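Single-structure report; data block below.
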Amino acid sequence: MTKKILVLHTGGTISMQADGSGAVVTNADNPMNHVTVPLEGIETEAVDFFNIPSPHITPQHMLKLYQKIKASADQFDGVVITHGTDTLEETAYFLDTMQLPKIPVVLTGAMRSSNELGSDGVYNYLTALRVASDEKASDKGVLVVMNDEAHAAKYVTKTHTTNVSTFQTPTHGPLGLIMKQEILYFKTAEPRVRFDLNSISGLVPIIPTYAGMKTELLDMLDLDKIDGLIIEAFGAGNLPKEVAGKLADMIADGLPVALVSRCFNGIAEPVYAYEGGGVQLHQAGIFFVKELNAQKARIKLLIALNAGLKDQELRDYMEG
């Protein structure tokens, strides 16, 4: 039986070419549209949905992708989105929190442009098509497929500026492996709250912490212009005492504040009871976000606020 796959091109390195000087530039004619798909039983319908570098991607673009998938799902057996790698994990996570139809949704990209030596774009694209046409992928949540690995959108992150194996899943490892003749899955996506948003707006900045940090960065924030805040804390979730005090005041003024660890592996949790330690921060009302990095915690808080979550309901969702 032939599987029909919707392909949504959004731009990124996978669609770009290096010019004579070696600089990688946006290409009006997406090279992936000229790829002959040598995969039996797969039919594709490609749409040049966007053509922008992924640093230009916004939550509004992510929402448009969701709406397109939702509107088209009954005509297709799976979806592949080609995307720039810089913000690919954020788009993947955004889509994974939406009420998508139960068909495989796969994001892929490239670390080398289409005319560079050793370009990985075509291979990743064809591999993504294989996964999107696999019925076993339909209960795995949104997947990121690159370099013969399938990663869960919730956990995957870009770990290297140029390496083709840049996408990794800290702590957990990949969800599956794409082999020559079959696809192996080790896990399924865990149940989670999903939303059906019609619009998205708001400003949620990310503030990193560092040794010797005082309150200067926080003092620059206009509380009337931001809707929430993500703080990237030390270790298991600790802050300089001055920062902790300032955040407590901001929370008292009604600002939702969520915390993640700046560590590459592990989970933030309120363990330490000293001034600025996680116990004190949690008691002050800071949300401890499990297993997400800062950029995904920002997406999570933004979605929750746009869904109208407040008070205990908001805390339960952010810490769930």
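The values are calculated or read from the model by the stated rules, or taken from the named source; none is laboratory data. Quick caveat: nothing in here was measured; it's all calculated off a predicted structure. Cβ placement follows ideal geometry from the backbone for every residue including glycine, while neighbour counts extend to all protein chains displayed.
Data overview
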item	result
Candidates D134, D139 - the one that is crowded, with 20+ Cβ neighbours inside 10 Å, acidic (D, E) and within 26 Å of T44 (Cα to Cα)	D134
Only listed residue being more than 30 Å from S114 (Cα to Cα), exposed (fewer than 12 other Cβ atoms within 10 Å of the Cβ) and either at pLDDT 95 or above or in the same structural domain as S133 (by TED's automatic domain parsing) (or both), chosen from G245, G212, G237	G212
Any hit, segment 296-304, residues being of a type in the set (V, I, T), surrounded by 18 or more Cβ atoms within 10 Å (Cβ to Cβ) and either touching a Phe, Trp or Tyr at 6+ places or on another chain (Cβ under 9 Å) or over 15 Å from T209 (Cβ atoms) (or both)	yes
Restricting segment 14-34 to residues that are out of contact with any strand residue (DSSP E or B) (no Cβ under 6 Å at 6 or more places or on another chain) and part of a loop (DSSP other than H, G, I, E, B), the residue that is surrounded by the most Cβ atoms within 10 Å (Cβ to Cβ)	T26
Enumeration of residues in segment 80-105 that are more than 19 Å from N27 (Cα to Cα) and either small (G, A, S) or more than 12 Å from the chain's Cα centre (by Cα) (or both)	V80, A92, M98, Q99, L100, P101, K102, I103, P104, V105
Inter-residue pairs, beta-carbon under 6 Å, first closer than 20 Å to G266 by Cα and in segment 170-199, second surrounded by 11 or more Cβ atoms within 10 Å (Cβ to Cβ) and among the hydroxyl-bearing types (S, T, Y), 6+ apart	H172/Y155
